[in-house]
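J.: Following this message is one structure expressed as structure tokens.
The values are calculated or read from the model by the stated rules, or taken from the named source; none is laboratory data. What you are looking at is a predicted structure, and each value in this text was computed from that prediction instead of being measured. Side chains are part of the model used for accessible areas, which takes the heavy atoms of the whole protein and leaves out ligands, DNA and RNA. Shrake-Rupley method; radii C 1.70, N 1.55, O 1.52, S 1.80 Å.
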Amino acid sequence: KNHWKHTSECDIKGTNILLKGFSKFIKKGNKANLRLFEKGKDLKEAKYIISKLKIEKNISWIKESSLSEFYKEISKADLICDQFANSFPGIVTYDAYAIGRPVLANFRNEVFRKKYIGGLPGFNAKTSDDIYKKLVYITNNPKVLKSKGEESRLFAEKNLCPKIFARFLINFIIN
């Protein structure tokens with residue numbers, strides 16, 4: 001049950017999808033800690049789901065912070081998780097790319113492959129089962145995090161100049 005009314009599709013980040021996939025990963029005996037920023041329109045729903053899934057001990061909450069503190073936090077992460085619903089990857093993904101961190105998200109590459117050969121880099125996941133499987137894959141292949149991080153940084157250097165990216169989004173909306 002949704003405990004929060006969203007104002008648009010873009011407000012729905014798919015945190016519920018992430019939490020269910022992460023819970024399955026933990027309940028299969030894997031060890032991990034998910035650090036979440038304590039903000040957003042789905043915060044109340046996320047806390048409810050975490051309680052219902054009984055994964056509170058595997059969740060760390062980070063208070064809303066300055067941009068520089070946010071960058072420090074994501075630069076320490078093994079893996080950045082962004083959007084899993086039907087909205088587009090957000091600024092978190094592009095910031096992670098810029099600092100060379102690997103990303104797990106629903107990249108919506110059916111859209112982005114039109115602009116970027118191969119689509120956006122990272123670990124694509126759309127469902128909670130996808131998230132679970134990607135986390136298992138990463139756990140069994142830890143070197144893949146470094147290579148995906150490097151791929152992300154190269155992608156950012158080549159494609160995420162603000163003018164180039166804005167032009168792409170405007171053209172996508174117009175066409």
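J.: Which aspartates and glutamates does Lys134 reach when only Cα atoms under 19 Å apart count, and residues fewer than 8 places away in its own chain are ignored?
T.: Asp78, Asp82, Glu150, Glu151
J.: Also, I was wondering about something else. Enter the accessible area per residue of the stretch 24-175 (Å², integer; probe 1.4 Å; all protein chains in place). Show your work: numbers first, answer last.
T.: On the way: 9140 Å² over 152 residues.
Here the residues of the stretch 24-175 average 60 Å² of exposed surface.
J.: Another one. Once you sort the root eigenvalues of the Cα gyration tensor of the stretch 118-171 as a ≥ b ≥ c, which label holds: rounded (a/c under 1.5), prolate (a/b larger than b/c) or oblate (the other case)?
T.: Working: a/c = 4.87, a/b = 1.78, b/c = 2.74.
It is oblate, given that a/c is not under 1.5 and a/b is not larger than b/c.
J.: If you don't mind, another one. Between the stretch 68-135 and the stretch 158-175, what's the alpha-carbon centroid distance in Å?
T.: 18
J.: What are the ³J(HN,Hα) values, in whole Hz, obtained from phi via the Karplus relation 6.51 cos²θ - 1.76 cosθ + 1.60 with θ = phi - 60°, for each residue of the stretch 102-108 in sequence order, with x given for Gly and Pro?
T.: For the stretch 102-108, the Karplus-derived couplings read x, 10, 10, 6, 8, 6, 6 Hz, x marking Gly and Pro.
J.: So what is the relative contact order of the stretch 85-144, in percent, for Cα pairs below 8 Å that sit 6 or more residues apart? Could the numbers behind the result be given before it?
T.: Working: 50 pairs, mean separation 15.6, N = 60.
Once normalised by length, the contact order is 26 percent.
J.: Next question. Which entries in Lys39/Lys158; Lys41/Lys158; Lys13/Lys54; Lys54/Lys76; Lys13/Lys163 show an alpha-carbon gap greater than 28 Å?
T.: Values: Lys39/Lys158 31 Å; Lys41/Lys158 33 Å; Lys13/Lys54 21 Å; Lys54/Lys76 26 Å; Lys13/Lys163 26 Å.
In this structure, Lys39/Lys158; Lys41/Lys158 exceed 28 Å between Cα atoms.
J.: Which percent of the accessible area of the chain is formed by carbon and sulfur heavy atoms (probe 1.4 angstrom)?
T.: Values: 5770 of 10590 Å².
Roughly 54 percent of what the probe reaches on the chain is carbon or sulfur.
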